[in-house]
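**Student:** Below is one structure. I have some questions about it.
The values are calculated or read from the model by the stated rules, or taken from the named source; none is laboratory data. Remember, it's a predicted structure, so these values are computed and weren't measured experimentally. Cβ placement follows ideal geometry from the backbone for every residue including glycine, while neighbour counts extend to all protein chains displayed.
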Amino acid sequence: MKYFTDMGLKPELLDALRRMNFVAPTEVQEQVIPIALTGKDIIVRAKTGTGKTAAFLIPIVQKIVSGSDPCALIVVPTRELALQIADVASKLINKRESVTVVYGAASINVQMDNLDRHPEIVVGTPGRILDLVERGALRLEHIKFLVLDEGDTMLDMGFIDDIERIISKTPSTRQTMLFSATMPERIIEVAKKNMKEFEYMKIGNEEQLVAVGVKHYYTECEKFMKFATLLAYLDKYNPTKAIVFAHTKYAADEIHEALNRQGIESVIIHGNITQAKREGAIKAFKRGARLLIATNIAARGLDIQGVSDIINFDLPDDPVIYLHRVGRSARMNANGRAFSLITANQHDMIRDIEDINNIKIEKIDIDATKFKYAKIFSRDRRTNARGFGSERNGRRGEQGGHGEHGEHRGFRNRPHRGYDPDRHNSYRRYSGRR
């Protein structure tokens, strides 16, 4: 099928697709939508940035039935992804009040009031969904469509037990759709246990986890020259829109402030920033801001078109996190660059990333001489002599923080159990390199 008009969709849905400039389906949409419209359970392995959100929303909106309880429940790992899916769903259904988004660290009373308006679609994170179910504010007895998006991410974040509890509260007659970039064995086990004769769909090259449009590069420099090297990269390649990833919230703050002192405007998101400010930063980035400074909170779920460069100011400890970070670029078959700054002792990490993600990372030389006097001047005496907060001397709050979306790996990268603001009284485990 070359066009959405060939899929037998109702006229009002086609009108919504035209308003959103959706004309021809992507590969994942072309393969998934016809099967989903039959009502069959499906598992879809597809890379990030391939258009999977519309692949499950279009069949839901086509078949949705109004009632006193929600008809569709979409479970996602992060609030950013929940907000983005809810926005697309509202445009497709053309009634904003028909879609409600629920997540932690936001007013539960407001969300309960929104549920009282009887939305057809609820999008949310596992902890808040269960909280609302236990309060009797969210009823799942009449769910006809259950979507589990980014299944591997929810597994990494320790949400699988919550997922199974949510599934157990929905009727067995529901249609279940699971989407994931990778398919760990635990995900398959959950699917086999809770799905009816599902169809397993592998979209794209199974060995190519990262979008083929991304070119991967790294350069080696001394730690005290990392900021100068970042400036040199920005000067040489002039990215149209880039996300700069830091290892900790404190480091992200340092980079953000240092760029501003250089006259380079940027926006920032991390776990210590309020939800309203995070949403404002994402909107500003979508509307024209050139640089977004972030921790791993932005590695999952952000769907922003036109991101040309992913810059790993700090290389991630886990090669899978590299996959998630890079997935923010080269979306919808576009091209992009991934650039990592490493120190002399991190070559093994580059090789691990290459092996696990089946990619080749090319070494390039970046001459930072022009910017050698540009430093990150820390406000905290406990950082190292060069002014950049080191892992060893970082603030105590970075060692055992709440672990927002896996962005902290603990003191000297030791895995730890962090407080989950999305689900009170529950904890999740993060794995890191040992």
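**Student:** So in segment 189-204, with the set limited to residues that are in contact (Cβ under 8 Å) with a residue 12 or more places away in the chain and under 24 Å from the mean Cα position of the chain (by Cα), which one is surrounded by the fewest Cβ atoms within 10 Å (Cβ to Cβ)?
**Tutor:** Lys202
**Student:** Take Gln111 and decide whether it is part of a helix (DSSP H, G or I), at pLDDT 95 or above and not small (Gly, Ala, Ser). So that I can check it myself, show each step before the final result.
**Tutor:** On the way: part of a helix (DSSP H, G or I): yes; at pLDDT 95 or above: yes; not small (Gly, Ala, Ser): yes.
Against the criterion (part of a helix (DSSP H, G or I), at pLDDT 95 or above and not small (Gly, Ala, Ser)), Gln111 qualifies.
**Student:** Additional query: Does Ala106 satisfy the condition of being under 25 Å from Ile282 (Cα atoms), among the small types (Gly, Ala, Ser) and buried (at least 24 other Cβ atoms within 10 Å of the Cβ)? Don't jump to the end; show me each part of the working.
**Tutor:** Details: under 25 Å from Ile282 (Cα atoms): yes; among the small types (Gly, Ala, Ser): yes; buried (at least 24 other Cβ atoms within 10 Å of the Cβ): no.
When the stated conditions are applied, Ala106 does not pass them.
**Student:** If I go through segment 147-169 residue by residue, how many of them are among the polar types (S, T, N, Q) and buried (at least 19 other Cβ atoms within 10 Å of the Cβ)? It would help to see each step written out before you state the result.
**Tutor:** To start, the set of residues in segment 147-169 that are among the polar types (S, T, N, Q) comprises 153, 168.
If we keep only those that are buried (at least 19 other Cβ atoms within 10 Å of the Cβ) as well, we get 153.
Adding up the residues that qualify gives 1.
**Student:** A follow-up question, please. Does any residue of segment 145-156 turn out to be assigned by TED's automatic domain parsing to the domain that holds Leu57 and more than 19 Å from Asp41 (Cβ to Cβ)? Reasoning before the result, please.
**Tutor:** Initially, segment 145-156 is screened for residues assigned by TED's automatic domain parsing to the domain that holds Leu57, giving 145-156.
Okay, now just the ones that are also more than 19 Å from Asp41 (Cβ to Cβ), so 153, 156.
Yes.
**Student:** Determine whether Pro119 is under 24 Å from His270 (Cβ atoms), in contact with a helix residue (DSSP H, G or I) (Cβ under 7 Å, 6 or more places away or on another chain) and surrounded by 23 or more Cβ atoms within 10 Å (Cβ to Cβ).
**Tutor:** Details: under 24 Å from His270 (Cβ atoms): no; in contact with a helix residue (DSSP H, G or I) (Cβ under 7 Å, 6 or more places away or on another chain): yes; surrounded by 23 or more Cβ atoms within 10 Å (Cβ to Cβ): yes.
No: the conditions fail for Pro119.
**Student:** Something else now. Here is a check on your reading of the model: is Glu207 modelled with pLDDT under 85 and not assigned by TED's automatic domain parsing to the domain that holds Ile35? Spell out the reasoning first.
**Tutor:** Working: modelled with pLDDT under 85: yes; not assigned by TED's automatic domain parsing to the domain that holds Ile35: yes.
So Glu207 fits the description; yes.
**Student:** When you check Ile60 against the structure, is it more than 22 Å from His142 (Cα to Cα), more than 21 Å from the chain's Cα centre (by Cα), assigned to a helix (DSSP H, G or I) and of a type outside the set (Lys, Arg), yes or no? Steps first, answer last, please.
**Tutor:** Working: more than 22 Å from His142 (Cα to Cα): no; more than 21 Å from the chain's Cα centre (by Cα): yes; assigned to a helix (DSSP H, G or I): yes; of a type outside the set (Lys, Arg): yes.
So Ile60 fails the test.
**Student:** Looking at this structure, is Leu132 more than 24 Å from Gly280 (Cα to Cα) and either in contact with a helix residue (DSSP H, G or I) (Cβ under 8 Å, 6 or more places away or on another chain) or part of a loop (DSSP other than H, G, I, E, B) (or both)? Spell out the reasoning first.
**Tutor:** Details: more than 24 Å from Gly280 (Cα to Cα): yes; either in contact with a helix residue (DSSP H, G or I) (Cβ under 8 Å, 6 or more places away or on another chain) or part of a loop (DSSP other than H, G, I, E, B) (or both): yes.
Judged against the criteria, Leu132 is a match.
**Student:** Still on this structure, please answer the following. Return the pair list, or none, for Cβ contacts closer than 8 Å from residues in segment 220-242 that are outside the structural domain of His347 (by TED's automatic domain parsing) and of a type in the set (Val, Ile, Thr) to residues that are assigned to a loop (DSSP other than H, G, I, E, B) and surrounded by fewer than 21 Cβ atoms within 10 Å (Cβ to Cβ), at least 6 apart or on different chains.
**Tutor:** Nothing qualifies.
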